[in-house]
Amino acid sequence: MSEFGNKGHSRRTFLKFVGAGAAAATIGFSAFGSQADSLTYGLAVPTSTYFGEAAEKAARIAIEEINADGGVLGTPLDIVVEDSGGNGSQALLSVQALDSRGADFMGGFFFSEELIGAIPSFGVVRKLFMGTGASTPVATIGVSNDYESNKFFFRLGPANSFFILQAAITYTIGLLERTLGWDGLVLLAEDAAWNTAITDNFGALLQANGSGLQVADVIRYPENTTDFTPFFNQAVASM
């Protein structure tokens, strides 16, 4: 577990207390002093999607409630929003845009492709960024590998791909193999960055846990697929 300087406070300890108010207080009153007129939260989300629209509405409601209750230690919160576009290049630009618009701290993203593409910007803008939607573990691995460049990123959720993989392995061995007697399976997964760690490591992790199940095929389909017939046919043919 990486730590903040030589204080001995772990990132895990910090995450236990971080929220809109706690993060704002940490940034606003430590880095900018207690005389700030307001603190600005920068939100980067894919605004043209349901997920981005919902995230923006939720953030605005939360900030309204915080301000109605007196703000953060008496300081009101503002919000600026940028479209992260659902892809890495647009996400990187959105972080830069939030910085130029005066965001004191930031958060957001939904797609793992966004987070992966935006990682280089965190060490440049050097402002706390709270990841809230992408499941890829790439950013937090980066914190471990190069703390100084990536220490501004904090992952608030959801469960990352490796934890999802571990849960899937437990389910597969316990139910499909031991209870139902399966000896093989086909993985179908949307062609997205968040599940790459799952599909790439599923077979090896089954074997490492003493399973005799064989992964006959891994079929990745486009995210906008509505007709799964050809993929089901391919799965049946591979067994």
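Numbers at a glance
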| item | result |
| --- | --- |
| Whether segment 41-99 is rounded, prolate or oblate, judged on the alpha carbon gyration tensor where a/c under 1.5 counts as rounded | oblate |
| Relative contact order (%) - segment 147-239, alpha-carbon pairs under 8 angstrom, separation at least six | 31 percent |
| Simple spin-label estimate for THR226 and THR196 in nanometres, 7 Å along Cα-Cβ | 2.9 nm |
| Diffusion constant of segment 86-239 at 25 °C, which comes from Stokes-Einstein with the Kirkwood Cα-pair radius and 0.890 mPa s, µm²/s | 141 µm²/s |
| Among 196-205, 219-228, 111-120, 41-50, the order from most to least packed when residues are scored by Cβ within 10 Å on average | 111-120, 41-50, 196-205, 219-228 |
| Relative contact order (percent, whole number), segment 67-222, Cα cutoff 8 Å, 6+ residue spacing | 17 percent |
| For segment 151-239, convex hull of alpha carbons as volume per residue, Å³ | 120 Å³ |
| Segment 199-230-segment 110-141 distance, computed between alpha-carbon centres (Å) | 26 Å |
| Nearest-0.05 FRET efficiency for PHE163 and MET239, computed from C-beta distance (R0 30 Å) | 0.60 |
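Rule-based calculations on the coordinates, nothing more; no lab input. From a predicted model like this one, the values you see are computed outputs, not experimental measurements. In this analysis, Cβ positions are derived from the backbone assuming ideal geometry, glycine residues included, and neighbour counts consider all displayed protein chains.
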